[in-house]
Amino acid sequence: MRVRDARGADLGISITAETTIFTCDLERPIPSDTVTHYVRRIAERVGVDTHLDALRHFAAAQMIGDGHDVWTVAGRLSRRDASVTPR
């Protein structure tokens with residue numbers, strides 16, 4: 001069982017490829033600009049110069065560094081073109 005599936009089961013929900021990551025009620029997504037603003041505010045408060053997209057790039061680099069293939073990483077980042085991932 002994948003970690004995400006186990007966490008979903010703990011919450012009594014089924015997580016699919018269409019499941020929204022950022023949500024208040026597990027149904028309606030929080031707008032991406034709201035999430036971006038929230039992450040920026042947290043980063044400023046803790047003194048880290050970053051933003052949501054930089055964290056996404058970091059996650060991709062970590063996955064590739066851990067040995068995941070480019071297609072898997074691209075899929076996790078919802079990229080249609082895997083050739084963009086290594087760049």
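A few points about this structure:
- Condition met for GLY65 (exposed (fewer than 11 other Cβ atoms within 10 Å of the Cβ) and under 22 Å from ARG2 (Cα atoms)): yes
- Residue tally, condition surrounded by fewer than 10 Cβ atoms within 10 Å (Cβ to Cβ), more than 17 Å from the chain's Cα centre (by Cα) and assigned to a loop (DSSP other than H, G, I, E, B), over region 5-26: 3
- When region 41-53 is limited to residues that are under 15 Å from the mean Cα position of the chain (by Cα) and part of a helix (DSSP H, G or I), the one that is farthest from SER78 (Cα to Cα) turns out to be LEU52.
- Single unsatisfied condition, TYR38 versus (1) at pLDDT 85 or above; (2) within 13 Å of the chain's Cα centre (by Cα): (2)
The values are calculated or read from the model by the stated rules, or taken from the named source; none is laboratory data. Worth saying up front: this structure is predicted, and the values here are computed from it rather than measured. Please note: Cβ atoms are built from the backbone with ideal geometry, for glycine as well, and neighbour counts cover all protein chains shown.
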